[in-house]
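Here is the structure we will look at.
Coordinate-derived values only; no laboratory data. The structure presented is a predicted model; accordingly, all values stated were derived computationally and were not measured. Note: ideal-geometry Cβ built from the backbone for every residue, glycine included; neighbour counts use all protein chains shown.
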Amino acid sequence: MDLQKIIDGCIRGNSRSQQALYNLFADEMFAACMYYSPTRAEAEDTLHEGFLKVFQNISGFKGSGSLKGWIRRILINTALEKYRRKNLMYVTDGDDINRYEGSDREDIISNITADDLIKLIQELSPQYRMVFNLYALEGFSHKEIAEKLGISEGTSKSNLARARLILQKKVKEYFYLSSSQING
């Protein structure tokens with residue numbers, strides 16, 4: 001079935017078309033949901049809740065951009081809404097921004113897998129994970145992040161700096177733990 005037929009079927013509420021659209025994009029969108037969720041179960045909830053919104057709003061897709069990008073945006077916004085509802089955003093005055101400083105430049109990153117890095121990102125607190133992902137993965141500016149999350153730009157910058165410091169520490173700990181298990 002071609003993509004336009006699937007979209008047309010989804011607009012009509014056809015369950016086979018909805019299943020086809022879900023099957024086309026679910027795996028890739030689930031990976032995106034994992035970036036914004038602390039657990040696999042929450043990522044699955046976000047995926048399903050997001051796809052319900054996709055099906056409810058598919059008639060709003062005008063084809064000016066990619067369908068995949070449109071769906072991804074809905075899923076990311078769904079994840080953001082879930083965190084706003086839970087009131088998990090940490091607010092600071094923005095004056096205590098820690099600067100990320102790359103200390104020693106060991107070749108740590110080459111020794112860590114993408115899956116391991118995703119797990120470390122998922123260990124970040126929700127507020128840090130959201131800002132980090134929106135900035136580093138989605139390319140949003142601090143102004144855009146502040147608007148999306150209802151925080152100040154300073155808070156966005158502070159949370160990003162803290163997330164980077166925490167990740168740097170976690171990556172080093174992971175590296176040294178892995179090295180000691182191999183050598184020990």
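Things worth noting here:
- Violating pairs (Cα-Cα greater than 22 angstrom) within the set 5/82; 53/157; 5/62: 5/82; 53/157
- What you get for region 3-85, charging only the Cβ of Lys and Arg (+1) and of Asp and Glu (-1), is a dipole of about 280 debye around the Cα centre.
- Cα-based reach from residue 86 at 19 Å (exclusive), listing lysines while leaving out same-chain residues under 8 positions away: 148
- Burial ordering of 16, 164, fewest other beta-carbon atoms within 10 Å first: 16, 164
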